[in-house]
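Presented below is the structure to which this report refers.
The values are calculated or read from the model by the stated rules, or taken from the named source; none is laboratory data. Bear in mind that the values here come from a model prediction, so they are computed numbers and not experimental data. Every residue, glycine among them, receives a Cβ derived from its backbone with ideal geometry; neighbour counts consider all protein chains shown.
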Amino acid sequence: MKGRASAKLSGLAVVVVVLPFVGAAALASTQSSWLPWLNETPAGKALFVGAAIGLCGLACLPPQIASLIGGYAYGRGPGAALALSAFVGAAFLGYGLLRLVAGPSWRVWIENRERMRALHQALLGTDARTTTFVVALLRISPVMPFSGTNLLIASARVKALPYLLGSALGFAPLAVLTTSAGATVAELHLMDRPPVEGWILVALLVLAVLGLGWLAKSRLARHVTDRV
């Protein structure tokens, strides 16, 4: 029984990690048919947020890709606000669904994995502030994809408020950076001869996302090591 429960969650983990990349590839291959439509439709912003919540929450798209699209279609400020709203909505949707799917078998799955057990203890923490801090680090760091983090947190039965607050705090800087990259790419595409400096800026923004993730990963590793 334990083996079956562990296999169930392991299989679910593979699905929520792999499926978003499949969705990203599908969107990239069809972008010419839907990307211009986001600005041409009066309800484009609402549809963008709704689609991002559904696709990211159902583990069909990485939120970073949705954030890039938001920046490309709506610019830096509006794009970041829309991306952050969509991210929080997707986090709530993914949390609720995966909490139902994971069921009581989460204990077996966590107990059989030392690092997961340590992350579980760190997530539960001693108070809501500690839990919020760890969730924020998980959102920033590249330890696992968005949907994988949803599964871990839902399996650990983290309370909704610190989960959503930590998710918002963690994704906020990433939303600013990724939408800025998307907006810059949109501006460059409008130019006949885009300057090299523009593409350098895009590369620097991507490096900033990676650097921020590395710092969060290091801080998370130190926090978790104390609980192993």
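One table, with the values for the structure above:
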read-out	value
Count of residues meeting criterion [surrounded by 11 or more Cβ atoms within 10 Å (Cβ to Cβ) and either touching an Asp or Glu at 6+ places or on another chain (Cβ under 6 Å) or within 14 Å of Ala66 (Cβ to Cβ) (or both)] in the range 11-43	10
Residue within the range 134-141 that is farther than 20 Å from Ala13 by Cβ, among the charged types (D, E, K, R) and out of contact with any Pro (no Cβ under 6 Å at 6 or more places or on another chain) present	no
Subset of the range 128-167 (residues that are over 15 Å from the mean Cα position of the chain (by Cα), charged (D, E, K, R) and at pLDDT 80 or above)	Arg129, Lys159
Filter result for Leu47 (modelled with pLDDT under 85 and in a helix (DSSP H, G or I))	no
Residue in the range 73-92 that is closer than 30 Å to Leu35 by Cβ, at pLDDT below 85, surrounded by 22 or more Cβ atoms within 10 Å (Cβ to Cβ) and hydroxyl-bearing (Ser, Thr, Tyr) present	no
Qualifying position, being over 20 Å from Gly70 (Cβ atoms) and touching a Leu at 6+ places or on another chain (Cβ under 6 Å), among Ala156, Ala128	Ala156
Odd one out for Leu61 among (1) under 20 Å from the mean Cα position of the chain (by Cα); (2) assigned to a helix (DSSP H, G or I)	(2)
Among (1) surrounded by 15 or more Cβ atoms within 10 Å (Cβ to Cβ); (2) in a loop (DSSP other than H, G, I, E, B); (3) not small (Gly, Ala, Ser) - the single one Thr179 does not satisfy	(2)
